[in-house]
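Notes follow once the structure below has been shown.
The values are calculated or read from the model by the stated rules, or taken from the named source; none is laboratory data. Owing to the predicted nature of the structure, the values given are computational and were not obtained by experimental measurement. Quick reminder, even Gly has a Cβ in these numbers, built from the backbone with ideal geometry, and neighbours come from all protein chains shown.
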């Protein structure tokens, strides 16, 4: 413990406030190994700050009790990043993530970045605004098309931007008559899908160096 207190000092003060703490329990607290409660934090904060009966008074904030990094156990079943808890106690908005959630978010960000990089290889240069417009045109038909092609949504948008400058649905509507039958619309959809497949084959072949 900082502030000149020994483990036994903290344990003794905690016992005065109703916590059945030993020096080993203080160590567990320091290492974030026991569930945090507001009462526990207040008692430890009081102990480290001193009281009016102590000559050597110190000011310790609740956020000072939380380490800059690592994991903090909030209850028996949930742990979260120490920096999040420290920020919340310092006045930031309450937003907790479990350690498993943090790992999942990082994995999702990695996958998303990978898909964006892949899409940029398929898209025309300087087409960000065009791709945003096409993405807003997407509906169920594009979702089904992307799934059938094994593409992410952003990869499909990149192909549409390169081939037609608009979404598949918009391109299909442009090619079809106003009174086109469902059968004709289905045929046009298959043609558009084939165009995407040919584009993917040529583009990926060029990226891999194939003739």
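Being in contact with a helix residue (DSSP H, G or I) (Cβ under 6 Å, 6 or more places away or on another chain) and part of a helix (DSSP H, G or I) holds for only one residue in 130, 200, and it is 130.
Of the helices (runs of 4 or more DSSP H) lying entirely inside the stretch 1-49, those containing at least 2 residues that are under 36 Å from the mean Cα position of the chain (by Cα) and modelled with pLDDT of 85 or more are 23-30, 38-49. Return yes when residue 209 is at positive phi and modelled with pLDDT under 85 and no when it is not. Judged against the criteria, residue 209 is a match.
Before we move on, is residue 95 out of contact with any strand residue (DSSP E or B) (no Cβ under 8 Å at 6 or more places or on another chain), modelled with pLDDT under 80, outside any loop (DSSP other than H, G, I, E, B) and more than 22 Å from residue 20 (Cβ to Cβ)? Walk me through it before giving the result.
On the way: out of contact with any strand residue (DSSP E or B) (no Cβ under 8 Å at 6 or more places or on another chain): yes; modelled with pLDDT under 80: yes; outside any loop (DSSP other than H, G, I, E, B): no; more than 22 Å from residue 20 (Cβ to Cβ): yes.
Taking the combined requirement at face value, the residue does not satisfy it.
Within the stretch 189-208, does at least one residue satisfy the condition of being over 35 Å from the mean Cα position of the chain (by Cα), more than 19 Å from residue 133 (Cβ to Cβ) and touching a residue at least 40 places away in the same chain (Cβ under 8 Å)? Yes, because at least one residue in the stretch 189-208 is over 35 Å from the mean Cα position of the chain (by Cα), more than 19 Å from residue 133 (Cβ to Cβ) and touching a residue at least 40 places away in the same chain (Cβ under 8 Å).
Examine the stretch 169-182 for a residue that is part of a loop (DSSP other than H, G, I, E, B), closer than 17 Å to residue 200 by Cβ and without any contact (Cβ under 8 Å) to a residue 24 or more places away in the chain, and state whether such a residue exists.
Within the stretch 169-182, none of the residues are part of a loop (DSSP other than H, G, I, E, B), closer than 17 Å to residue 200 by Cβ and without any contact (Cβ under 8 Å) to a residue 24 or more places away in the chain.
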